[in-house]
Structures are given as C-alpha cells and as structure tokens.
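Data first, discussion second: the structure below is written as structure tokens.
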Amino acid sequence: FTTSYNITVDGVFPYISNATSSTTNGTYGIGKPINLKLEFNEAVTSTAVIQVPVSGLASTIELGVISNADNQEATYTIVEDDNVTLLDVTSAATTSGTISDAAGNLLQTAGLTVPTSSNITDDNKEIVIDGVRPSAPVSVTLAPYGGSADLTNASDYAAFFNSTNTHL
C-alpha cells in the first residue's frame with residue numbers, strides 16, 4: 001500500500017514582529033482615538049485578551065482575542081490625565097491564557113517584546129497624547145503700553161488706537 005504524506009515541521013516560536021499605528025502624526029487630546037496595531041511573525045491565536053501597557057496612559061490598550069491572524073488592531077480613546085510625550089510600544093501581555101501558532105508553539109515571554117527597530121517611533125510616527133487639562137491661572141498682571149494705568153496720559157494710548165479705534 002502506497003500513501004504520500006506531506007509533513008511540515010514548525011520549530012519557530014511566534015513573536016511580535018512590529019508595532020504600528022494608522023493614526024496620523026500630531027497631538028491628540030481627551031476623547032480622541034488612537035489606533036494601534038501589533039503584527040506577529042506568523043498567524044497566532046490567543047485564549048485571552050492581548051494587552052499593551054503604555055507608560056502615561058490611565059489603562060492598558062486592549063487588542064482583544066486574536067484568532068489565526070498575523071496582526072491585531074485596537075483603538076484607544078484618550079481620557080483625562082493620559083499623558084504620553086511620544087507614543088512608543090515596547091511590549092504586550094495577556095493576563096491569563098496563551099498565544100500560540102497553528103502548530104501549538106507558544107509565544108514565549110521574550111516574544112512579547114517589540115523589537116527595538118520595529119516600534120511605532122521607528123515608523124516615522126510622532127503621536128503625542130495630551131489628556132491633561134490646563135489649570136486655572138494663579139495670577140494675572142496687566143499693564144498698558146508705556147507702563148501707566150492713568151487715563152489722563154493719552155500718549156500711552158495714542159500709538160495704539162486711532163480715531164476710529166481700529167488698531168491701525
């Protein structure tokens with residue numbers, strides 16, 4: 001009896017290969033969405049939500065569960081007090097569960113680290129997150145041009161206003 005077998009051996013552990021964002025460069029405030037995409041070296045499946053911690057954010061960015069795909073995207077909405085000078089993703093995590101490829105190879109702890117040259121900032125991205133509301137001024141001091149607050153000193157105001165008060 002003759003049978004032909006096609007056996008493929010997969011000895012490569014899955015890992016995060018890249019972190020990108022489709023959000024355009026700029027500064028984003030409270031309520032604005034920021035897109036994040038993690039790419040893997042091969043299709044993976046997770047049994048738990050993939051989370052991306054970013055220093056300066058109120059919470060982690062949750063990418064959800066991935067099923068036989070080589071990337072996963074999420075949108076994070078900026079909340080008050082989020083403050084990130086330059087969005088940079090260095091790692092991902094799962095609170096419980098696993099991430100594995102089709103052959104059952106588990107994503108190792110080292111595979112959760114985004115390669116240094118494959119980060120959002122390495123993709124010419126400059127995304128600033130500013131969820132800090134401005135504080136009220138402590139004090140305000142005003143003085144007219146010339147330093148006098150006396151309306152009898154017309155010369156202080158003549159250079160600024162003309163007869164129709166149009167500032168010309």
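The values are calculated or read from the model by the stated rules, or taken from the named source; none is laboratory data. Note that the structure is a prediction, hence the values are computed from the model and not measured. Neighbour counts are summed over all protein chains in view; Cβ atoms, including those assigned to glycine, are modelled from backbone coordinates with ideal geometry. When the accessible area is computed, the model is the full protein with side chains, heavy atoms only, and any ligands, DNA or RNA have been set aside. Shrake-Rupley method; radii C 1.70, N 1.55, O 1.52, S 1.80 Å.
In a shell of Cβ-Cβ distance under 14 Å around GLU73, excluding GLU73 itself, what net charge do Lys and Arg (+1) and Asp and Glu (-1) give?
Values: positive: LYS37; negative: GLU39, GLU62, ASP70.
Result for the local shell: -2.
Tell me, what HN-Hα J-couplings in whole Hz come from the Karplus equation 6.51 cos²θ - 1.76 cosθ + 1.60 at θ = phi - 60° for each residue of segment 63-76, using x for Gly and Pro?
8, x, 8, 10, 10, 6, 9, 9, 7, 8, 10, 8, 10, 9
Which three extents, in whole angstrom, do the alpha-carbon atoms of segment 1-151 cover along their principal axes, largest first?
Reported extents, whole Å, longest axis first: 112, 29, 22.
Work out how much length ALA110 to ALA48 would gain on full extension: take 0.36 nm times their residue separation and subtract the Cα-Cα distance, in nm to one decimal.
Details: separation 62, 0.36 × 62 = 22.32 nm, distance 1.79 nm.
Computed gain between ALA110 and ALA48 is 20.5 nm.
What is the gain in length, in nm to one decimal, between THR98 and SER117 on full extension, counting 0.36 nm per residue of separation less the C-alpha to C-alpha distance?
So the chain would gain 4.3 nm between THR98 and SER117.
How much of the accessible area of segment 1-52, in percent, comes from carbon and sulfur atoms when a 1.4 Å probe is used? Intermediate values should be presented prior to the final figure.
Values: 1660 of 3040 Å².
After summing per-atom areas, the C and S share lands at 55 percent.
Taking 0.36 nm per residue of separation and subtracting the Cα-Cα distance, what length does fully extending SER55 through ASN41 add? Write out the running numbers ahead of the final one.
Values: separation 14, 0.36 × 14 = 5.04 nm, distance 2.51 nm.
Computed gain between SER55 and ASN41 is 2.5 nm.
Given a 1.4 Å probe, how much area per residue of segment 3-73 is accessible, in Å²?
Averaged over the residues of segment 3-73, the accessible area is 54 Å².
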